[in-house]
There are 2 protein chains.
Amino acid sequence: MNTDYQVLSQSLKHAKYRMTPQRIAICKILAESPDHPSAQMVYDMLKPKYPSLSLTTVYNTLETLVGLGVISPRHGSGDAPTRYDANTTPHAHLQCIRCNKLRDFDSQHVTDLNKDVSARAGYHIIGSYLLYYGLCESCQEKENNKE
Amino acid sequence: MNTDYQVLSQSLKHAKYRMTPQRIAICKILAESPDHPSAQMVYDMLKPKYPSLSLTTVYNTLETLVGLGVISPRHGSGDAPTRYDANTTPHAHLQCIRCNKLRDFDSQHVTDLNKDVSARAGYHIIGSYLLYYGLCESCQEKENNKE
DNA sequence: ATTACTGCAAAAGATTTGCACTAGG
DNA sequence: CCTAGTGCAAATCTTTTGCAGTAAT
């Protein structure tokens, strides 16, 4: 489940950031989006309701929230833009290389791997990206129907 | 260990690609580079010896080798460019956010996670990126000396 | 009243594309 | 010879930056 709106907005307030309407709107969208939106996607969703909104502000706010540790950036396979995930518990992602959908995948082995890395790496680990890419079920069907 | 030069070049020949000097040189560099070079890094390493080489050709060749499944693209944390890895056995990566170094991390849990994803996801998995980012040992020391 | 935040435009960096020329088979 | 491959320049796409105006506290 995603971090909810209260946690996102409170983290801004607590860190003494100003509560602008743009930031509030972006926090709402992130909390409500199960599909890990990119900066552009956030912008497109909010633009109709906030016509003056700029993409720069979306980037600024997302970067701020990343800095507070309440959302995580995930860069997709290949050329796809960075997606932002309000679910900060450790989990892997599955991305479809056809329709670009991005979904979560929970597994005990993610936890095990994280522990192993922390224990053996000699790195001060700050975060991780665990991405598997391929064809989702509906794109596999389309593929089969074509050939 | 990296896939060696023979395997890379033979995969091109076997797939009926023409053996140009540029492709041969790029295969050699990939086989010999333990540091997972980016397209630009490959270009910089080869430019002195092949002054006419273009970055476009490097991108083309890397893309071809990715298509043949003998190297894997790995996009780093944040804004870092894509790195290409001639080690195609499943393993995780550790990237230092300070010096940008990228190294391998082998773990039984990677294998376990891969199996779990294949078994439960409903995706046709094509590949994966498993990246942990943080501070490497030498950058941790520099950090400590400063503060 | 301050000063952080926004929004625009321009810049930067990585990768892709169009196309004429070249060279591998 | 013939077409795949190369190399250049320009285009594209994402993200960053500089800066003047605006608004949150």
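The values are calculated or read from the model by the stated rules, or taken from the named source; none is laboratory data. A quick note: this is a predicted structure, and the numbers were derived from the prediction, not measured. Using ideal geometry, Cβ is built from the backbone for each residue, glycine included, and neighbour counts are taken over all protein chains shown.
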**Message:** I want to confirm something. Restricting to segment B:72-82 and keeping residues that are within 14 Å of DNA strand D (Cβ to nearest atom) and at negative phi, which single residue is farthest from the other protein chains (Cβ to nearest Cβ)?
**Reply:** B:81
**Complete:** If we ask which residues in segment A:92-104 are touching a helix residue (DSSP H, G or I) at 6+ places or on another chain (Cβ under 7 Å), surrounded by 16 or more Cβ atoms within 10 Å (Cβ to Cβ) and over 14 Å from residue B:127 (Cβ atoms), their number turns out to be 0
**Item:** Residue list for segment B:34-56, filter: part of a helix (DSSP H, G or I) and either within 9 Å of DNA strand C (Cβ to nearest atom) or farther than 16 Å from residue B:71 by Cα (or both)
**Value:** B:39, B:40, B:43, B:44, B:45, B:46, B:55, B:56
**Request:** Could you please give the count of residues in segment B:117-129 that are without any contact (Cβ under 8 Å) to a residue 40 or more places away in the chain and either under 15 Å from residue B:92 (Cβ atoms) or out of contact with any helix residue (DSSP H, G or I) (no Cβ under 8 Å at 6 or more places or on another chain) (or both)?
**Result:** 7
**Request:** Hey, can you tell me all the residues within segment B:24-64 that are basic (Lys, Arg) and exposed (fewer than 14 other Cβ atoms within 10 Å of the Cβ)?
**Result:** B:49
**Complete:** Flagged pairs (Cβ under 6 angstrom, 6 or more apart or on separate chains; first in segment A:29-43, free of Cβ contacts under 8 Å to residues at least 12 places away in the same chain and charged (D, E, K, R); second part of a helix (DSSP H, G or I) and more than 16 Å from DNA strand C (Cβ to nearest atom)) are none
**Restricting segment A:99-111 to residues that are among the hydrophobic types (A, V, I, L, M, F, W, C) and at the interface with chain B (Cβ under 7 Å from one of its Cβ atoms), the residue that is farthest from the chain's Cα centre (by Cα)** = A:110
**Item:** Top-ranked residue of segment B:1-23 - restricted to ones that are under 14 Å from residue B:62 (Cβ atoms) and away from DNA strand C (no atom under 12 Å from the Cβ), ranked as surrounded by the most Cβ atoms within 10 Å (Cβ to Cβ)
**Value:** B:8
**Complete:** Among the residues of segment A:19-71, the number that are within 14 Å of chain B (Cβ to nearest Cβ), closer than 22 Å to residue A:104 by Cα and near DNA strand D (Cβ under 9 Å from one of its atoms) is 3
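Residues are listed down the side, and each one gets a yes or a no for (1) in a helix (DSSP H, G or I); (2) in contact with a strand residue (DSSP E or B) (Cβ under 9 Å, 6 or more places away or on another chain); (3) more than 7 Å from chain B (Cβ to nearest Cβ):
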residue	(1), (2), (3)
A:113	yes, yes, no
A:116	yes, yes, no
A:119	yes, no, yes
A:126	no, yes, no
A:129	no, yes, no
A:134	no, yes, no
A:140	yes, yes, no
A:145	yes, no, yes
**Message:** Could you check segment B:24-33 and list, in sequence order, the residues that are touching a Ser or Thr at 6+ places or on another chain (Cβ under 7 Å) and within 15 Å of DNA strand C (Cβ to nearest atom)?
**Reply:** B:24, B:26, B:27
**Item:** Residue in segment A:83-96 that is of a type in the set (A, V, I, L, M), in a loop (DSSP other than H, G, I, E, B) and either more than 9 Å from every other protein chain (Cβ to nearest Cβ) or in contact with a strand residue (DSSP E or B) (Cβ under 9 Å, 6 or more places away or on another chain) (or both) present
**Value:** yes
**Complete:** Here the qualifying pairs (Cβ atoms under 6 Å; residues six or more apart or on different chains; first in segment A:57-68 and closer than 14 Å to residue A:19 by Cα and free of Cβ contacts under 8 Å to residues at least 40 places away in the same chain; second charged (D, E, K, R) and within 11 Å of DNA strand D (Cβ to nearest atom)) come out as A:61/A:23
**Asked** Quick one: is residue B:19 more than 18 Å from residue A:129 (Cα to Cα), modelled with pLDDT under 95, of a type in the set (A, V, I, L, M) and not in a helix (DSSP H, G or I)?
**Response** no
